[in-house]
Amino acid sequence: MTVKQRYEEAKKKYAALGVDTDAVMEKMNEVKISMHVWQGDDIKGFLSDAELSGGISVTGNYPGAARTPEELRQDLEKAYAMIPGNHKLNLHAIYLDTEEQVDLNEIEPKHFEKWVSWAKEQGLGLDFNPTFFSHPMYKDGFTLASADKEVRDFWIEHGKRSRKVAEYFGKELGQVCVNNFWVPDGFKDNPIDRLAPRRRLMESLDEIFSEKLDEQYTLDAVESKLFGIGAEAYTVGSHEFYMGYGLTRNKLVCLDAGHFHPTEVISNKLSSLSLFSEGILLHVSRPIRWDSDHVVIMDDELQEIGRELVRNDLLPMTNIGLDFFDATINRVAAWVIGTRNTQKAIMKAMLEPIESLKEIELSGDYTTRLAMIEELKDFPFADVWNYYCESNGVPVGLDWLPEVKEYEKNILSAREATAGKDSCRFS
């Protein structure tokens with residue numbers, strides 16, 4: 001049977017439950033995933049040769065990492081060609097593309113003009129992140145919460161300039177740019193004073209956000225973390241800190257799947273947050289025992305995230321971004337696997353007869369609820385997904401893998417032949 005024929009059979013089966021698969025595919029076209037640029041070069045960026053620091057670490061040395069903005073964009077184009085739909089790209093400030101030698105407290109929109117031109121050509125939106133790590137002014141584990149005013153002032157200026165870059169993205173591309181603030185500040189061992197650093201972080205953020213920017217162009221988000229490398233005992237920007245800050249300052253609260261206790265999940269937080277926040281930012285990732293940012297797979301938590309977003313109609317208020325980095329496998333393949341899995345989880349949730357299930361639950365018929373949810377696990381979801389891919393002109397099933405392997409052979413391997421070339425724009 002062809003992909004279309006299999007889809008027609010699946011369509012009938014879902015229709016018997018009251019699910020319109022054609023309508024589901026239309027809804028899927030409205031879902032934008034913000035794919036993260038940093039998977040392509042292991043979070044090196046193009047600002048300096050500084051080693052990763054600030055709770056950030058990447059393992060592996062798979063051949064073919066991008067060394068220049070041009071190579072990175074080439075890899076991104078290959079990945080997007082394997083992913084159905086029209087999406088966004090999430091840039092970090094260290095991915096500026098300019099011949100000028102500038103520091104983080106000097107960045108301007110002009111340093112990202114090439115990214116904007118490329119995004120226009122590709123039909124992509126852009127999101128942004130200021131970069132509060134891997135820099136000499138990340139001192140003694142602190143940036144915005146530092147007791148040193150000189151350090152704070154440097155990073156405050158970087159935050160302000162990052163907001164201008166994000167505003168520029170939104171104006172130029174006609175899509176709102178979500179600008180996400182995460183800082184790694186904290187202590188390796190138990191501190192005496194947990195309050196003062198949090199007060200300094202609050203005041204620094206208030207200064208950064210003091211200028212009101214048009215929300216049709218950019219939205220600010222704040223992201224918590226349980227701990228990071230070198231900040232195992234105390235993280236200034238905890239979940240409680242940023243939940244309070246985001247809700248009282250009208251900022252998006254970012255929930256990262258790896259930034260909580262190992263037994264916590266973000267799926268169960270979404271409905272509560274939606275009641276009090278005007279918007280949500282997700283960083284979809286996969287932690288293994290800690291915030292290890294593994295490539296997203298179709299595990300239980302990813303599917304629960306999809307269900308919560310769809311069952312509660314939270315997609316309109318939720319910005320979905322990815323955050324993982326794995327240098328032990330082909331980096332283009334990592335993008336494709338993680339993004340397609342995130343889309344699959346959302347589609348799978350859309351293929352549930354949600355309104356019927358809610359009515360059954362409200363009536364107290366938990367037997368039927370359980371029976372239907374379990375039976376749906378055997379429904380031909382893959383046949384709908386495959387037809388969605390075919391309809392969008394991207395490879396079906398594993399057909400994308402040979403293309404990526406060929407790309408590795410012809411493009412990525414050639415980079416290894418010139419591996420001595422400096423990947424940094426400035427030395």
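The table below gives the values:
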read-out: Alpha carbon Rg of region 31-350, scaled by the compact-globule rule 2.2 N^0.38 Å; value: 0.92
read-out: Angle in degrees between helix 366-376 and the longest Cα principal axis of the chain, rounded to the nearest 10; value: 80 degrees
read-out: In nm, spacing of pseudo-spin labels at Ala81 and Asp299 (7 Å Cα→C-beta vector); value: 3.2 nm
read-out: Helix axis angle, 239-248 relative to the chain longest principal axis, alpha carbon, degrees; value: 90 degrees
read-out: Of Lys114/Lys160; Lys160/Lys409; Lys88/Lys212; Lys377/Lys409; Lys120/Lys251; Lys32/Lys377, pairs whose Cα-Cα distance is over 32 Å; value: Lys160/Lys409; Lys377/Lys409
read-out: Dipole of the chain, positive direction: furthest Cα of Ser356, Gly170, Gly60, with charges on the beta-carbon; value: Ser356
read-out: Region 187-300: projected area of the alpha-carbon convex hull, averaged over directions, in nm²; value: 8.4 nm²
read-out: Computed lengthening from Leu17 to Glu207, 0.36 nm per intervening residue step minus Cα-Cα distance; value: 63.1 nm
read-out: In range of the label at Asn268: residues from region 358-399 whose backbone nitrogen is under 15 Å from the point 7 Å along Cα→Cβ; value: none
read-out: Largest-first ellipsoid semi-axes for region 81-225, taking √(5λ) over the Cα gyration tensor eigenvalues, angstrom; value: 30, 15, 15
read-out: At 1.002 mPa s and 20 °C, Stokes diffusion of region 20-115 via Kirkwood alpha-carbon radius, µm² per second; value: 139 µm²/s
read-out: Label-point gap, in nm, between Leu52 and Asn410 - each point 7 angstrom along Cα→Cβ; value: 3.0 nm
read-out: Proximal aspartates and glutamates relative to Lys12, as straight alpha-carbon distance under 13 Å, when same-chain residues fewer than 8 apart are discounted; value: Asp20, Asp22, Asp383
read-out: Inter-label distance, nm, simple model (7 Å from Cα along the C-beta direction), Asn105/Ile229; value: 2.6 nm
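No value in this document is a laboratory result; all are computed from the given coordinates. Fair warning: this is a prediction, and the values are worked out from it, not measured in the lab. Note that we place each Cβ from the backbone using ideal geometry, even for glycine, and neighbour counts take in every protein chain shown.
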